[in-house]
C-alpha cells in the first residue's frame, strides 16, 4: 500500500487516517475506469505509461477514438488521485508521440467533451489537445468559409473553442512556438506537481502490491 500512498495524496489520506478505508484497509473507487487503473498501477511500479496499443498512427479511426478516450481517462484518474506525477507522465508520453509523429489522428468530439466537462480551467491535457489542433491540423479548417467552420466544430465545448481561438491568435502573432518542435519544447504541458509526504510502511508490507485498491 505504501507504493500508491507515496505518489498519491488521495491514497495517503484514505489509508492513514481514521476513515473507514484506513480501518478496513480497502479503498473503493467505483467511478474509476478499470483499464485506466491498471495502467496507473503499472506506472506505480515501473514509472512507465504502458498503453494496450501503440503506436497510434497504425490504428483505425475507431481504435484511435478508444485510445484517446483512455488517455483522457488516465489524466482524469491522475487528477482524482491527486497524482500529478502520473498525469504528467501521461502528458509527456502523448506529447512525445505527437512530436515523433506517431500520433496523427485527433481525439473526437466526445473525448474532448469528456475532458472539458471533467476539468475546471486551464490544465495540461486541455493545452495539449488545443495545441495539437493548432499545430498539427490543416489550415483549411481555420480558413474555410464560416459555414464550413461551423461544420468542423459544431458540438464542441464552448471553452474548447475559446481556447482554440486564443491559441490561434498567439500562433499568428508568433507569441508562441510549435510545442511539438522537439521533445524538450513539449514539456510546457506539464501541470504543477502536488507534493506528497513519504509514507512509512509497517509490518513488512513495503513490498506488497497495492491490491487493496479496487475499482
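Results for (1) outside any helix (DSSP H, G or I); (2) at pLDDT 90 or above, shown as yes or no for each residue.
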{"position": "110", "(1), (2)": "no, yes"}
{"position": "114", "(1), (2)": "no, yes"}
{"position": "131", "(1), (2)": "no, yes"}
{"position": "134", "(1), (2)": "no, yes"}
{"position": "137", "(1), (2)": "yes, no"}
{"position": "149", "(1), (2)": "no, no"}
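Okay, residues lined up against (1) part of a loop (DSSP other than H, G, I, E, B); (2) at pLDDT below 90:
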residue: 169; (1), (2): no, no
residue: 177; (1), (2): yes, no
residue: 183; (1), (2): yes, yes
residue: 186; (1), (2): no, yes
residue: 192; (1), (2): yes, no
residue: 195; (1), (2): yes, yes
residue: 200; (1), (2): yes, yes
residue: 204; (1), (2): yes, yes
residue: 209; (1), (2): yes, yes
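The values are calculated or read from the model by the stated rules, or taken from the named source; none is laboratory data. Predicted model only: the values in this text are computed from it and were never measured.
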